[in-house]
Amino acid sequence: MKTQYYTSSSLDGFLATEDDSLEWLFPLGDISETSYPSFIEGVGAIAMGSSTYEWILRNAGTVSEQTGTAWPYTQPTWVFTSRKLPTMEGANVTFANGDVRAAHSQMLAAANGKNVWVMGGGGLAAQFHDAGLLDEITVQIGSATLGCGKPLFPRRLLSPGLALISATQVGTGFAELTYNVLKDRR
């Protein structure tokens, strides 16, 4: 059982534009050609930032066109937010705030032996890292630059850092990199 940050980023290190748009991502490739189909089979619970959740709410039509449903996840999902947000019909969502460790223990129990996916954003993934809970990072680097926007991972990871465990070309639009997060052994 791992806690994994699995995401896509522009070549210059941004998940989304300044206004949380992911539109830059869609023309670059087909998700079914990536590791996503096998990855999602191993996910038992999801941690999601409020910006990602609100993007899904705002773009329910697009999400439905691409996945067949406005809420494409069957896994229980914890949305980290400090605000009151609407619920989405058909979504198994728990709203959480504060230290990620408390929610993480609930997510591990709900995952029932499967992995926990830290979906994003980068700030949420960094909180899991800071708490010593992040085990793996997989990022699909897209063949686009945004110039500015929401950063992939707004922290310095120097020592201990990351160990590359795989690098795969996905069509002409992506390179998929997977890293183990090295833990400080103090």
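The values are calculated or read from the model by the stated rules, or taken from the named source; none is laboratory data. Predicted model only: the values in this text are computed from it and were never measured. No Cβ is skipped: glycine too gets one built from the backbone with ideal geometry, and neighbour counts run over all protein chains shown. Note: areas computed on protein heavy atoms with side chains; ligands, DNA, RNA excluded. Shrake-Rupley method; radii C 1.70, N 1.55, O 1.52, S 1.80 Å.
Condition first: farther than 24 Å from Asn97 by Cα, part of a strand (DSSP E or B) and open to solvent by 20 Å² or more (accessible area, probe 1.4 Å). Can you find one or more residues in the range 113-130 that meet it? For the range 113-130, residues farther than 24 Å from Asn97 by Cα, part of a strand (DSSP E or B) and open to solvent by 20 Å² or more (accessible area, probe 1.4 Å): absent.
The number of residues in the range 152-179 being open to solvent by less than 60 Å² (accessible area, probe 1.4 Å) and either of a type outside the set (Asp, Glu) or out of contact with any strand residue (DSSP E or B) (no Cβ under 8 Å at 6 or more places or on another chain) (or both) comes to 16. Let me confirm something: among Glu89, Glu65, which residue is over 29 Å from Asp130 (Cβ atoms), open to solvent by 30 Å² or more (accessible area, probe 1.4 Å) and assigned to a loop (DSSP other than H, G, I, E, B)? Every option except Glu89 fails the conditions.
Candidates in the range 68-86 are the residues that are free of Cβ contacts under 8 Å to residues at least 40 places away in the same chain, among the hydrophobic types (A, V, I, L, M, F, W, C) and closer than 19 Å to Ala126 by Cα; of these, the one that is surrounded by the fewest Cβ atoms within 10 Å (Cβ to Cβ) is Trp78. Cβ-Cβ distances below 7 Å connect the following pairs, each with a first residue in the range 14-43 that is without any contact (Cβ under 8 Å) to a residue 60 or more places away in the chain and of a type in the set (A, V, I, L, M), a second residue that is open to solvent by less than 40 Å² (accessible area, probe 1.4 Å) and not in a loop (DSSP other than H, G, I, E, B), and a separation of six or more residues or different chains: Leu22/Ala16; Leu22/Trp55. Scanning the range 40-58 for residues that are assigned to a helix (DSSP H, G or I) and within 19 Å of Thr69 (Cα to Cα) turns up Ile40, Glu41, Thr52, Tyr53, Glu54, Trp55, Ile56, Leu57, Arg58.
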